[in-house]
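Written out below as structure tokens is the structure these notes cover.
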Amino acid sequence: MSLRMAPPLPLVFLLMTVGAFGTEWSVKYNQQEICALKGSTVFINGTYTHPEHLTVTETFCFIYPVQNVEPTDLSKDPDYLGRVKYLTDEQKHFSLKLSDVMERDDRQYYFRIRTNEEKEKWFGTPGVQLRVTELHVETPEEVTEGETADLTCKTTCSLTDPTFIWYKNGRPLTTKTIKNNQLHLQTVSSEDAGSYSCAVRGYQHLNSTAHNLRVRYPPKSISVSISPSGGIVEGSSVTLTCSSDANPHVKNYTWSKEGGTSPVGSGQNYSIISITADHTGLYYCEAQNEHGAQNGTVMVTVKSQSVSAVWIAVGGGSFLLLLITALICILWINRKKRNSDEQDYENADPNAKDDTYTALQPTARSSKDVYHTLAAVQSSSLDDTYTALDPQSSSPEYHTLAVSSTH
């Protein structure tokens, strides 16, 4: 924005009078009316003259002239405190600088001249009218994709030679056509939907409040998903879900199968309970609203139970294979152990138990037989013992004992 000093108007407002010595009083304002953005800085400029015999002691601006009441310097008004600054030069140019313009500053301003003579003072009428405005974006409430749309940056008064800047979602627009205070959308698309605001160059921090542009468009970006997402086995339940981007929202979803003559379902979700191999095929989802329709597709492949069983045993049944291998190993070990026990049993003397029993059974033998049996056992034991010893190393005492034991 350029709120610079405008060139003098063809018709300036001039108040002039002839002084006592033939000189003149005059106040000329460069502009009769100034439009300023709320929050900006504005300048009220002009020139003045006075009778040559007088010396100017003070110049200032004020508001609300009242007859026979001396006006108050604007810089001393509590409403303007700290926001007013006067600039003058020897060529009798004056300027009022007003910072941080507020809505209540929308008033008429006058320039006052005081001299060394108490009664010799002057102010120029009708003064300068300051108008204060804010920026406001005006757009259609809604527009349909493919149409044209114009967005306007509105003010309540006419700014001086402004350059407008447009923003979408807070970012400056550089690829759109901007003419004066309008943003022109030649062919609207769904991507043009968003929040728009405007500003004036040099005062970008004083941008307007944002306004939403809504764009109506048919369904697009159709996607179809399957749940569960893994392999589909006969007998299981499957749900197909269709989603899309549309404004307004999709009104109707219709499901059909390739090769079919009529729809198989409706609604955003289509469920198949206890699915079979006959359900294998390509499915279409048509999403529709008042502005059009679009299709999405998904392929459904159903595996038979037999194929599934083979897959589990061979491809997906590694755990089961390990379990079967472990069982075979356990059975082989048990069988080997049993065969070893049977072999030991067959190698044992089958009469050992009977001989021992007969030898010790008291009812089957007399006391004399028992004695001879024990003696024979003892003799056999001793003979074996001594025979095991080296005969050359044995002493005669051992042979005597052996003979005695035989009697």
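In this entry, D79 is excluded by the filter for residues that are among the acidic types (D, E), within 49 Å of the chain's Cα centre (by Cα) and surrounded by 13 or more Cβ atoms within 10 Å (Cβ to Cβ).
For I165, the test of being surrounded by fewer than 19 Cβ atoms within 10 Å (Cβ to Cβ), aliphatic (A, V, I, L, M) and over 18 Å from E33 (Cβ atoms) is failed.
Note on the range 115-135: residues that are over 21 Å from E33 (Cβ atoms) and surrounded by 14 or more Cβ atoms within 10 Å (Cβ to Cβ) amount to 4. Considering the conditions (1) without any contact (Cβ under 8 Å) to a residue 60 or more places away in the chain; (2) within 30 Å of I273 (Cβ to Cβ); (3) in contact with a strand residue (DSSP E or B) (Cβ under 7 Å, 6 or more places away or on another chain), G230 is excluded by exactly one of them, (3). Residues in the range 146-171 that are under 25 Å from Q31 (Cα atoms), free of Cβ contacts under 8 Å to residues at least 40 places away in the same chain and under 34 Å from the mean Cα position of the chain (by Cα): F164 only.
Just one of the listed residues (T261, T239, T276) is loosely packed, with under 14 Cβ neighbours inside 10 Å, of a type in the set (V, I, T) and modelled with pLDDT of 95 or more, namely T239. Filtering D100, D106 for residues that are modelled with pLDDT of 95 or more and buried (at least 16 other Cβ atoms within 10 Å of the Cβ) leaves a single hit, D106. Pairs meeting the criteria (first residue in the range 246-275 and in contact (Cβ under 8 Å) with a residue 24 or more places away in the chain, second residue aliphatic (A, V, I, L, M) and not in a strand (DSSP E or B), beta carbons under 9 Å, at least 6 apart or on different chains) are N247/A193; W255/V264; S256/V264; K257/V264; Q268/V250; Y270/V264; I272/V264.
For V233, the conditions (1) in contact with a Phe, Trp or Tyr (Cβ under 9 Å, 6 or more places away or on another chain); (2) modelled with pLDDT under 95; (3) surrounded by 14 or more Cβ atoms within 10 Å (Cβ to Cβ); (4) not hydroxyl-bearing (S, T, Y) all hold with the exception of (1). Look through the range 134-154, keep the residues that are of a type in the set (V, I, T) and assigned to a strand (DSSP E or B), and return whichever of them is nearest to E103 (Cα to Cα). Ranking the candidates gives V137 first. Among the residues in the range 283-299, are any over 33 Å from the mean Cα position of the chain (by Cα), exposed (fewer than 15 other Cβ atoms within 10 Å of the Cβ) and not basic (K, R)? No, the range 283-299 contains no residue that is over 33 Å from the mean Cα position of the chain (by Cα), exposed (fewer than 15 other Cβ atoms within 10 Å of the Cβ) and not basic (K, R). Restricting attention to the range 59-113 and to residues that are touching a Pro at 6+ places or on another chain (Cβ under 8 Å) and either outside any loop (DSSP other than H, G, I, E, B) or of a type in the set (S, T, N, Q) (or both), the residue that is nearest to V132 (Cα to Cα) turns out to be Q108. The residues of the range 270-292 that are polar (S, T, N, Q) and over 20 Å from K220 (Cβ atoms), listed by number, are S271, S274, T276, T280. Of the residues in the range 136-145, not one is over 46 Å from the mean Cα position of the chain (by Cα), surrounded by fewer than 18 Cβ atoms within 10 Å (Cβ to Cβ) and not aromatic (F, W, Y). Take the conditions (1) more than 30 Å from T254 (Cβ to Cβ); (2) in contact (Cβ under 8 Å) with a residue 24 or more places away in the chain; (3) crowded, with 16+ Cβ neighbours inside 10 Å; I178 misses just one of them, which is (2).
Is there a residue in the range 27-45 that is outside the structural domain of K154 (by TED's automatic domain parsing), modelled with pLDDT of 65 or more and touching a Lys or Arg at 6+ places or on another chain (Cβ under 6 Å)? Checking the range 27-45: at least one residue is outside the structural domain of K154 (by TED's automatic domain parsing), modelled with pLDDT of 65 or more and touching a Lys or Arg at 6+ places or on another chain (Cβ under 6 Å).
Pick from Y29, Y86: which is of a type in the set (S, T, Y) and closer than 27 Å to T155 by Cβ? Only one candidate qualifies: Y29.
Does T174 satisfy being outside any strand (DSSP E or B), of a type outside the set (A, V, I, L, M, F, W, C) and within 29 Å of the chain's Cα centre (by Cα)?
So T174 fits the description; yes.
The values are calculated or read from the model by the stated rules, or taken from the named source; none is laboratory data. This one's a predicted model, so the numbers in the text were calculated from it and none came from an experiment. Here Cβ is always computed from backbone atoms with ideal geometry, including for glycine, and neighbour counts include all displayed protein chains.
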